[in-house]
Amino acid sequence: MKIAWFRKKITPEVGAYLAGYGLNDKSVALLDDLYAAGLCVDDNERKVLIISLDLLGLDEWFIKKCRERLAAILQIPVEAVMLTCTHTHTGPETRTLASAPQQLHTKYLDLLYEILAEGAEELTEFTECEVSFFSEYCDANRNRRYIAGDNHASFTPHRREVISACEKLYADKELGGVVFVNKETLLPCYLIGNYAAHPLAGHSPGLGGLRISADYPGAFCKYVTRNTGAECMFISGAAGDMVPKE
């Protein structure tokens with residue numbers, strides 16, 4: 001397997017509206033930067049480009065627009081370009097909201113479009129790798145809803161007394177990953193991590209929840225790089241009602 005990658009800063013300006021909570025949540029500070037992590041994988045038969053973005057989500061029209069341009073740059077089929085978002089709630093508003101379409105940060109999306117194209121154009125030097133997989137039990141999440149015997153759901157922020165019952169109930173505890181090991185140095189050079197939990201660790205009362213942040217996926221990638229030297233990408237699992245443990 002041969003791989004090439006890019007990592008581009010996509011942090012918006014302080015003052016940008018934050019996605020995921022109220023319509024009037026305007027950022028007041030920067031806690032940590034947001035990034036676009038791109039990984040191109042080539043097995044000598046076909047190439048695939050995977051991009052993970054420290055954003056809450058993207059509109060279908062924008063994803064289609066990006067896939068077409070990136071596919072053209074790399075000369076690969078459109079379906080071989082995949083975009084995913086870590087779902088951080090402390091990034092810019094990059095989705096069209098039916099109730100407030102004016103919140104969409106169109107200038108940011110224009111810049112993001114160019115940044116991704118720039119990253120794709122840099123994917124020219126490939127590293128020969130061996131590939132391995134790992135799966136570990138990681139008890140760092142819980143369900144935020146408790147389904148009672150009458151088939152009604154209780155939302156834990158509103159009924160904190162049921163939190164203990166949700167610690168292991170309906171929770172996916174698997175931390176999975178793909179590791180690419182450089183065939184020459186025998187050291188890891190890239191890791192894809194996967195875990196199911198909404199990135200809500202940065203949300204707190206007052207100004208704490210109004211800071212731009214990649215949340216725990218960003219911390220995860222920094223930890224991996226700091227301790228292994230490998231570049232890292234985070235892809236969210238089927239988070240649903242999974243949240244970080246308090």
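The values are calculated or read from the model by the stated rules, or taken from the named source; none is laboratory data. Everything numeric in this text was worked out from a predicted model, so none of it was measured. Note that we place each Cβ from the backbone using ideal geometry, even for glycine, and neighbour counts take in every protein chain shown.
Structure notes:
- Residue in region 172-188 that is surrounded by the fewest Cβ atoms within 10 Å (Cβ to Cβ), counting only those that are more than 14 Å from Glu136 (Cα to Cα) and among the aliphatic types (A, V, I, L, M): Leu186
- Within region 188-213, considering residues that are touching a helix residue (DSSP H, G or I) at 6+ places or on another chain (Cβ under 8 Å) and assigned to a loop (DSSP other than H, G, I, E, B), the one nearest to Ala239 (Cα to Cα): Ala197
- In the set (1) modelled with pLDDT of 85 or more; (2) touching an Asp or Glu at 6+ places or on another chain (Cβ under 9 Å); (3) hydrophobic (A, V, I, L, M, F, W, C), the condition left unmet by Ala201 is number (1).
- Residue within region 44-57 that is buried (at least 17 other Cβ atoms within 10 Å of the Cβ), of a type in the set (Asp, Glu) and in the same structural domain as Ile192 (by TED's automatic domain parsing) present: yes
- Selection status of Ser164, of a type outside the set (A, V, I, L, M, F, W, C), surrounded by 12 or more Cβ atoms within 10 Å (Cβ to Cβ), out of contact with any helix residue (DSSP H, G or I) (no Cβ under 7 Å at 6 or more places or on another chain) and not in a loop (DSSP other than H, G, I, E, B): yes
- When residues in region 1-26 are screened for being out of contact with any Asp or Glu (no Cβ under 6 Å at 6 or more places or on another chain) and either aromatic (Phe, Trp, Tyr) or over 24 Å from Gly119 (Cβ atoms) (or both), 8 of them pass.
- Annotation note: Cβ proximity below 8 Å between a residue of region 222-239 that is farther than 20 Å from Ile3 by Cα and a residue that is surrounded by fewer than 19 Cβ atoms within 10 Å (Cβ to Cβ) and of a type in the set (Gly, Ala, Ser) (sequence gap 6+ or interchain) occurs for Gly237/Gly176.
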